[in-house]
Amino acid sequence: MVTRTVRRATAATAALLALTAVPAHAAPHEPDTTTTSGTAALPAPDLTGLRAVLRTLTAQGAPGAIARIDDHGTVRTAAAGIDDRTTRRAIGNADRFRIGSVTKSFSAVVLLQLADAHKLDLDASVDRYLPGLLPDRRITVRHVLSHRSGLYDYTNSMFASSVSGFEAVRDKVFTYRQLVGLSLKHARTNAPGAAYAYSNTNFVVAGMLIEKLTGHSVGTAYRDRIIKPLKLRDTFYVHPSTKIPGRYAHGYLTPDRTGAPLVDATEQTVSWAQSAGAVISTTRDLNTFFSALLGGRLTSAARLAQMQRWTPVNSTTRYGLGLRRRDLSCGVSVYGHTGAVQGFYTYSFTSKDGRRSLTALANTSNNGTVLNTMAGTLEAAFCGKQTRAIQGSPLTGRGSYVTERRVAHEDIAPGVARD
């Protein structure tokens, strides 16, 4: 296990940061000015570099790591390490896993389909559809999907301690209203629309909107609108069941205390996340999903354009409506989402035209070093050997791909810094 620390701000500091709008984040709806129109302009993926990144992840504390590239019908896979620390079985791309916040893209797609059907107005108040749920009628559906509602992320408190927080909820079943209630016990982070602040609460509200507008459960909406049409044979929403069906990778939670043993977090309800993070899938299915989304097969062109009205997050990341854009060192931009749920880190992104996709998994979490290193899978898949080397990177050697060292923030408890 790598040596690591978890830094948490004091309550006073957190409150100050929460109320201070970051200017870059407060400039919503930046147009997409990327010039890469498709995969024809991309260099060939570098499998040597990809394998090097996966080996590095296992050296940094992940029991195993996998990646799959789908490129114009050509499939390339790589794997390193194990999926089960008891049986020592090798991890592989056939393994199912918990995708965490990549689920948010599924939820956003369903709501945008409902907007296409004129059953939802993105700029309408959430209160129009869920009267009395939220304390501010100015919060719109668009604010929720773009993390600009100002709703406090209840997971910051729930998982202030990674292991004890997880054990307290791993078998619990929450209602959506209970989760929203946990958020509303805290002051909001900013006025509606004022600033970007990632919050799982937003996509709990998204789940409530889906169920209200469709008359069906979130799982049924995913199945009927995404899973069945795309023939995603390994994608499931099993909440509140604790088990992953079929062949799967075990997920291992890294404790906050250095040297403490990893915790097998595979079996859990994920009820603390639901429509914000409870889907199960594979590298194949996630590549199919994002390829279909960016290829225009899940929403109208107008709604896909709405997903890509970006709010700046940092120098390399933009957020749209349930969709992230990552700008890579070679000048290429890719589109998708990251995911974290106890025991699993996922990166899943595709090219502008959806014709080259990469999904990578490391079966650990609460490990900022691993989380930062996973960005190297994008560099290998989309930049090939054109990746810009950066001084002081932990990745070295032939074929290794590097990214800037920075403080890591998971999609679980995003207010907690991990390094």
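The values are calculated or read from the model by the stated rules, or taken from the named source; none is laboratory data. What you are looking at is a predicted structure, and each value in this text was computed from that prediction instead of being measured. Neighbour counts run over all protein chains shown; Cβ positions are idealised from the backbone, glycine included. Side chains included, ligands, DNA and RNA excluded: accessible areas come from the protein's heavy atoms. Shrake-Rupley method; radii C 1.70, N 1.55, O 1.52, S 1.80 Å.
Numbers below:
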{"quantity": "Length released on extending from residue 224 to residue 258, taking residue separation times 0.36 nm less the Cα-Cα span", "calculated": "7.8 nm"}
{"quantity": "Where labels lie 7 Å past Cα in the beta-carbon direction, separation of residue 315 and residue 231 in nm", "calculated": "4.4"}
{"quantity": "Peptides ranked, highest mean first, by Cβ atoms within 10 Å: ranges 247-256, 136-145", "calculated": "247-256, 136-145"}
{"quantity": "For a label point 7 Å along the Cα-to-beta-carbon line of residue 212, residues of the stretch 138-162 with backbone N under 12 Å", "calculated": "139-141"}
{"quantity": "Residue-span extension gain [residue 74 to residue 127] - 0.36 nm each, minus C-alpha spacing", "calculated": "14.4 nm"}
{"quantity": "Share of carbon and sulfur in the accessible heavy-atom surface of the chain [1.4 Å probe, %]", "calculated": "52"}
{"quantity": "Distance (nanometres) between label positions extended 7 Å along Cα→Cβ at residue 238 and residue 297", "calculated": "2.6"}
{"quantity": "Whole-Å distance, taken between Cα centres, linking the stretch 101-173 and the stretch 184-224", "calculated": "2"}
{"quantity": "Net charge over other residues, Cβ less than 11 angstrom from the Cβ of residue 135 (K, R count +1; D, E count -1)", "calculated": "+1"}
{"quantity": "FRET E, pair residue 330, residue 417, Förster distance 41 Å, beta-carbon r, rounded to 0.05", "calculated": "0.90"}
{"quantity": "Solvent exposure, largest accessible area first (probe 1.4 Å, DNA, RNA and ligands not counted), of 264, 153", "calculated": "264, 153"}
{"quantity": "Value at 222 nm in deg cm²/dmol, rounded to 500, when DSSP H runs of n ≥ 4 in the chain each add -39,500 (n - 2.57)", "calculated": "-7500 deg cm²/dmol"}
{"quantity": "Extended-chain gain in nm, criterion 0.36 nm per residue less alpha-carbon gap, residue 88 and residue 386", "calculated": "103.7 nm"}
{"quantity": "Protection proxy ranking, peptides 47-57, 308-318, 274-284, average beta carbon neighbours within 10 Å, highest first", "calculated": "274-284, 47-57, 308-318"}
